[in-house]
């Protein structure tokens, strides 16, 4: 019997390499597909007017029907869009560190970060690294690697994709009740952006969704807590998808 396919979708400004710690723990049991989103990694820069639908369409052809989707941050919004609009591709949905139905205050905060990225990518990168990694035990090697990935972005392309991240939760919100596959929402206890409250909003919005909050974790779960994240995903797939 062929191994089930697990599709890993990364966050804004990052690339598929952020999944390496997770993929290394799962390759024995799954066929891993980790495409770069449009405008990221080796993909051509994203153009002005890039949309959540455009990002989803950009990876859909790489996803076999009946895959188990695990989306992180922006990748979670993309995965949710696919679960709504391309349901034949999605057997289960896992949203990692996902925003959901931001409040006015939360929207204002992310729009300030978008403005900072528009003005100065280097300063925005430094602020992100502090927000994601301060107070964690993540190695400096990973911190420097994340910095290099972020700074390698085309500045305009990064802003176009960040704008999707800043607004995409409002776009997908009304459609979340249409998701009909078993779903998991997982975030870090100390995530300042994709908060535990947002994870519980996903549970209330998606009909068959469970929540998990990983103690002591911040935003970058695939790097900070890969084993804990793998345990969450594996337990979920065993319980709800018989994988």
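Summary of values
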{"item": "Residue 46 vs. criteria more than 16 Å from residue 85 (Cβ to Cβ) and surrounded by 18 or more Cβ atoms within 10 Å (Cβ to Cβ)", "result": "yes"}
{"item": "Checking residue 90 against (1) at pLDDT below 95; (2) in contact with a strand residue (DSSP E or B) (Cβ under 6 Å, 6 or more places away or on another chain), the condition it does not meet", "result": "(1)"}
{"item": "Criterion (closer than 24 Å to residue 196 by Cβ, in contact (Cβ under 8 Å) with a residue 60 or more places away in the chain and part of a helix (DSSP H, G or I)) met by exactly one of 76, 105", "result": "76"}
{"item": "Listing of helices (runs of 4 or more DSSP H) fully contained in region 172-243 that carry 2 or more residues being farther than 19 Å from residue 103 by Cβ and touching a strand residue (DSSP E or B) at 6+ places or on another chain (Cβ under 8 Å)", "result": "221-224, 226-240"}
{"item": "Unmet criterion (only one of (1) surrounded by fewer than 17 Cβ atoms within 10 Å (Cβ to Cβ); (2) over 25 Å from residue 238 (Cα atoms); (3) modelled with pLDDT of 95 or more) for residue 138", "result": "(1)"}
{"item": "Selection count, region 112-133, where residues are surrounded by fewer than 15 Cβ atoms within 10 Å (Cβ to Cβ) and in contact (Cβ under 8 Å) with a residue 40 or more places away in the chain", "result": "0"}
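A quick yes/no check of all residues on (1) touching a residue at least 40 places away in the same chain (Cβ under 8 Å); (2) in a helix (DSSP H, G or I); (3) within 20 Å of residue 88 (Cβ to Cβ):
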{"residue": "7", "(1), (2), (3)": "yes, no, yes"}
{"residue": "12", "(1), (2), (3)": "yes, no, no"}
{"residue": "39", "(1), (2), (3)": "yes, no, no"}
{"residue": "44", "(1), (2), (3)": "no, no, no"}
{"residue": "50", "(1), (2), (3)": "yes, no, no"}
{"residue": "53", "(1), (2), (3)": "no, yes, yes"}
{"residue": "63", "(1), (2), (3)": "yes, no, yes"}
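Okay, residues lined up against (1) more than 15 Å from the chain's Cα centre (by Cα); (2) over 27 Å from residue 46 (Cβ atoms):
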residue	(1), (2)
155	yes, no
161	no, no
173	yes, no
187	no, no
200	yes, yes
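Quick grid of which residues meet (1) under 25 Å from residue 103 (Cβ atoms); (2) assigned to a helix (DSSP H, G or I); (3) over 19 Å from the mean Cα position of the chain (by Cα):
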| residue | (1), (2), (3) |
| --- | --- |
| 125 | no, yes, no |
| 129 | no, yes, no |
| 137 | no, no, yes |
| 142 | no, yes, no |
| 146 | no, yes, no |
| 167 | yes, yes, no |
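The values are calculated or read from the model by the stated rules, or taken from the named source; none is laboratory data. Just so it is clear, the model here is predicted, and its values are computed rather than measured. Note: ideal-geometry Cβ built from the backbone for every residue, glycine included; neighbour counts use all protein chains shown.
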